[in-house]
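Taking it in order: structure first as structure tokens, then the write-up.
No value in this document is a laboratory result; all are computed from the given coordinates. These figures come from a predicted structure and were not determined experimentally. Note that each Cβ is placed from the backbone with ideal geometry, even for glycine, and that neighbours are counted across all protein chains shown.
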Amino acid sequence: MMAEGPSAKRPPHCRLALLLTVGVSFVLVPSRRTILKAAPALAAGGTLLGSLPARQGLAATPNGLSRLREGEAELPPITFTDADGKAIAPRDFPRKGLVINLWATWCPPCVAEMPALDRAAAALSGDGILVLPLSSDRGGAPVVRAFYERTGVRTLRIWLDPRGAAARALGARGLPTTVIVDRAGRERARLEGDAAWDAPEFLTAIRRLAGPAGAGATQPA
């Protein structure tokens, strides 16, 4: 599968990662130091993934559920924008469970899981759980809107993180990365790579991690 969108709109390090990881479930975003260490292997005809530490390799599994890493942690302060450029933060969704998905239209595994995320968003809406796909596309809302129209995405809204500030604050190593946040605003789990988010097992796990409706911190008046 090839990447979507013009390569000029992708950051250089992401273009390198993309070219060398087509067909895997996770696009690593390597640091400059990692790239320099990998240079001899690349020159010899190897791949970036082959030269990275073995612990960074992620094997595909049915549904991806085995790659869901649970653990409670403080959610760092993050902001992103809506399609109109308005700044948004997780606190703007009080008492909602959140599924924050970091993605881009040029990322093959991101594109692969988007239909499942869209169906999951529809299935979870009645539970007070929102799916927030934060796009890092530099082209912004027009690029994401065109992608949604082309692929038939109906439930997901457009949320943007074009400079990758939210992704860096969340400590994402690559795309896609998905963080599940409970109704009290704390991270409860995360998953690196694409997954079948609309599978019954995933929907059950998300509802459990988000917590029952009505739970969560009371917001100040």
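Summary table below
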quantity: Residue match in the stretch 182-189 (condition: in a helix (DSSP H, G or I) and either within 17 Å of residue 78 (Cβ to Cβ) or of a type in the set (D, E, K, R) (or both)); calculated: no
quantity: When residues of the stretch 160-194 are limited to those that are of a type in the set (Lys, Arg) and crowded, with 19+ Cβ neighbours inside 10 Å, the one farthest from residue 91 (Cα to Cα); calculated: 190
quantity: Filter result (of a type in the set (S, T, N, Q) and in contact with a helix residue (DSSP H, G or I) (Cβ under 7 Å, 6 or more places away or on another chain)) within the stretch 112-171; calculated: 135, 136, 151, 155
quantity: Residue match in the stretch 152-159 (condition: within 14 Å of the chain's Cα centre (by Cα), buried (at least 24 other Cβ atoms within 10 Å of the Cβ) and touching a residue at least 60 places away in the same chain (Cβ under 8 Å)); calculated: no
quantity: Any strands (runs of 3 or more DSSP E) falling wholly within the stretch 71-145 and containing at least 1 residues that are on the phi < 0 side of the Ramachandran plot and free of Cβ contacts under 8 Å to residues at least 60 places away in the same chain; calculated: 129-135
